[in-house]
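Enquirer: I'd like to ask some things about the structure below.
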DNA sequence: GCAGCATGGTTACCATGCTAACTAAGCCTG
DNA sequence: CAGGCTTAGTTAGCATGGTAACCATGCTGC
């Protein structure tokens, strides 16, 4: 996360460019703004999720499972791939989400190593509960605080 | 961090909008891209820093201390404020950075509670070593992977 | 068909962030 | 100047991320 409140001024970047002329003041300036904006938005979303006993990762697991439709599911491995997170954290997060009743974990029929993950009705409902405000947090942030991007 | 590889398609957002018309497909779509791009860039920067025994937070502490100029310094409290991170993590991070020889921690002359933090020469050098590639990672990312922002 | 490699998942351990509760020092008010 | 509030920093405990090393199962090629 990147929470530096005072980004380097244009002047500071210009000075820096004198030493390293291959750098573009505009691009680096935009990159720093990107990092700061996203960090603020991420923090806001995490705070919102905390009130629903969710986290960014738990939420995204609900999303990818929901995309498989009713009756569909995914292997733990596939979830790690779609979310680009490490397998151990998938194991942990799935375990806690199972305890919360959001999903089920079954041994896979064809492959004794794999686990078959499906959403429960409660999981699907949870996602439906959380989505509107999730989108609205992003919507409001983009409208009111990130116009200059 | 937000690492969902396949962002919701425009179609999915349109469908969602039918239920919640106050949402803007464009703004939410842009917000999701913002989150994903920044997460990728953040991860890349953290990987780079790891090779220098730094982290985003350690690096930003070097930056704000360097801004105070030679002979200048900051209170731990001020660092927490400028970086927008919690005081406990400042305590921890400063301790490890002191052990690395990047900065000094002295009791403050006028206030027995406060700690006065200054960069060492090694700290200033470390920042100088790391900055060019830091900017160049951001520069390249913005040019090659985030044009559509 | 069994030895050895590949693959899915888990365990153990570490780093980094948070909040809550604590200590110690400064200040302020009766 | 004593009691109580405020402030700076630390400690303790939790959550979430990562990598490395480890099982257990599946696959492959001699």
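Enquirer: Is it possible to state the helix-based mean residue ellipticity at 222 nm for the protein assembly as shown, with each DSSP H run of 4+ residues giving -39500 (n - 2.57), the sum divided by total residues, to the nearest 500 deg cm²/dmol? What is it? Spell out each step's value before the answer.
Expert: Numbers: 12 runs with 186 residues, N = 298.
One gets -20500 deg cm²/dmol as the mean residue ellipticity at 222 nm.
Enquirer: To the nearest 10 degrees, how steep is helix A:25-50 against the longest Cα principal axis of chain A, on a 0 to 90 scale?
Expert: 40
Enquirer: A further question follows. Counting partner chain Cβ atoms within 10 Å of every residue's Cβ in B:1-12, what's the average?
Expert: On the way: counts 10, 10, 7, 10, 5, 4, 0, 3, 0, 0, 0, 1.
Per-residue shielding by partner chains comes out at 4.
Enquirer: In Å and whole numbers, how far do the C-alpha atoms of the protein assembly as shown stretch along each principal axis, longest first?
Expert: For the protein assembly as shown, the Cα spread along each principal axis is 65, 36, 36 Å.
Enquirer: Per-residue mean of other chain beta-carbon atoms within 10 angstrom of the beta-carbon, peptide B:63-76?
Expert: Taking the mean over all residues of the peptide, I get 1.
Enquirer: Another question about this same structure. What FRET efficiency, computed as 1/(1 + (r/R0)^6) with R0 = 35 Å and r the Cβ-Cβ distance, is obtained for residue B:114 and residue A:33, rounded to the nearest 0.05?
Expert: Efficiency, from the Cβ-Cβ distance: 0.60.
Enquirer: With the crude spin-label approximation of a point 7 Å out along Cα→Cβ, what separation in nm comes out for residue B:11 versus residue A:77?
Expert: In this crude spin-label approximation the distance works out to 2.8 nm.
Enquirer: Sort out for me the Cα centre separation of the stretch A:115-146 from the stretch A:1-40, rounded to whole Å.
Expert: Comparing the Cα centres of the stretch A:115-146 and the stretch A:1-40, I get a distance of 32 Å.
Enquirer: While we're looking at this one, here's another question. Please tell me the relative contact order of the stretch A:53-149 in percent, rounded to the nearest whole number, where contacts are Cα pairs under 8 Å and at least six residues apart. Mind showing how you got there, number by number?
Expert: Details: 86 pairs, mean separation 25.6, N = 97.
Worked out over the stretch A:53-149, it gives 26 percent.
Enquirer: How many nm separate the modelled label positions at residue A:91 and residue A:67, each set 7 Å beyond the Cα in the direction of the Cβ?
Expert: A separation of 2.5 nm, rounded to one decimal place.
Enquirer: Also, quick follow-up: Which residue in A is nearest the A/B rotation axis when you measure from the C-beta atom, and what is the distance in Å?
Expert: Smallest Cβ distance to the axis, with its residue: A:38, 2.
Enquirer: On average, how many beta carbons from a partner chain sit within 10 Å of the beta carbon of a residue in A:29-39?
Expert: Taking all residues of A:29-39 together, the mean is 6.
Readers should treat all values here as calculations from the given coordinates under stated rules, not as data from a laboratory. It should be emphasised that the depicted structure is a prediction, and the values quoted were computed from it without experimental measurement. Quick reminder, even Gly has a Cβ in these numbers, built from the backbone with ideal geometry, and neighbours come from all protein chains shown.
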